[in-house]
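The values are calculated or read from the model by the stated rules, or taken from the named source; none is laboratory data. The structure displayed is predicted, hence computed values, not measured ones. Cβ placement follows ideal geometry from the backbone for every residue including glycine, while neighbour counts extend to all protein chains displayed.
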Amino acid sequence: MTDDETRDHNFSEGQGFDDPYEGFDLDPPELEVDPGMVDPVDSRVVSDTLDRRQILAEEVDAEELLDVGLEYMRIDRHEQATDAFDRVVQFADDAGLRQEALINKGAAHAELGEFQAAIDAYREALSIDDDSEHAASAETNLAYALWNAGQSEMALEHAERAVEIDPRFPQGWYNRGFFLLERGLAEDAVSCFDNALRLGYRNAEILEEKARALEEMGEDERAEELADEAEELRSSAESRLVEER
């Protein structure tokens, strides 16, 4: 599934630093904190210090903060990512930016297995605007979190809402198909998977799910062909990953 799936740097050789060198991290300059004042392992320090200093919103680049959070996500530092996205929500004037931050915050919580926190973040995002350019992503991610929290019926409702908002959202069709298949509606699931495939969403997972649906429909030969294609895609992806490393 997407957030979107579950079932369950090379460094250049520069001229070096002066001595003493200036440390660096992913936080923008507006959020620098005196390390002599705080415990460096306290994850709450930046937000607490911001509150104490009462930094004005115009002094913070919310878009840069969003990029910080996304970079934390990329390197699997999801707790730090949630803090960064919280700060975007606190300081951003633009409603769309706040919504985007909340959706990404939900995704970070989901990566941590904190599905209720993810659900809360997605619902807060949708409360800002339930028909925006980000709404379909919020709905399908909410469906994913609800399913992981054991709320499968509500998950299907939100998966359906995602494709109603954006019929050209392939991940939404994939998720809708997944939930339909979980309820035994294999033929309807195949239709959803086909929509996702037509929209360019092609990977081993969707082929495996479509094969499972076809098998339930008694179309064993087509199911086996898709399962073989899925295995080829997975092997190719694994080979590319090894080469990149």
In the range 194-212, how many are within 10 Å of Pro170 (Cβ to Cβ) and either of a type in the set (Val, Ile, Thr) or not in a loop (DSSP other than H, G, I, E, B) (or both)?
-> 5
Can you name every residue in the range 213-245 that is touching a helix residue (DSSP H, G or I) at 6+ places or on another chain (Cβ under 6 Å), of a type in the set (A, V, I, L, M) and in a helix (DSSP H, G or I)?
-> Ala213, Leu214, Ala223, Leu226, Ala227, Ala230, Leu233
Scan the range 128-157 for residues that are over 21 Å from Pro170 (Cβ atoms), in a helix (DSSP H, G or I) and among the aliphatic types (A, V, I, L, M) and jot them down.
-> Ile128, Met154
Working carefully through the options Ala155, Ala138, Ala204, find the one that is crowded, with 24+ Cβ neighbours inside 10 Å, at pLDDT below 95 and touching a Leu at 6+ places or on another chain (Cβ under 7 Å).
-> Ala155
Helices (runs of 4 or more DSSP H) within the range 40-98 that include 1 or more residues more than 19 Å from Tyr122 (Cα to Cα) and modelled with pLDDT of 55 or more | 62-74
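Yes/no per residue for (1) surrounded by fewer than 23 Cβ atoms within 10 Å (Cβ to Cβ); (2) in contact with a Lys or Arg (Cβ under 8 Å, 6 or more places away or on another chain); (3) under 28 Å from Arg98 (Cβ atoms); (4) of a type in the set (D, E, K, R):
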{"position": "Ala149", "(1), (2), (3), (4)": "yes, no, yes, no"}
{"position": "Ala159", "(1), (2), (3), (4)": "no, yes, yes, no"}
{"position": "Glu208", "(1), (2), (3), (4)": "yes, no, no, yes"}
{"position": "Val242", "(1), (2), (3), (4)": "yes, no, no, no"}
Could you grab me the full set of residues in the range 192-220 that are among the acidic types (Asp, Glu) and over 18 Å from Ala159 (Cα atoms)?
-> Glu208, Glu215, Glu216, Glu219, Asp220
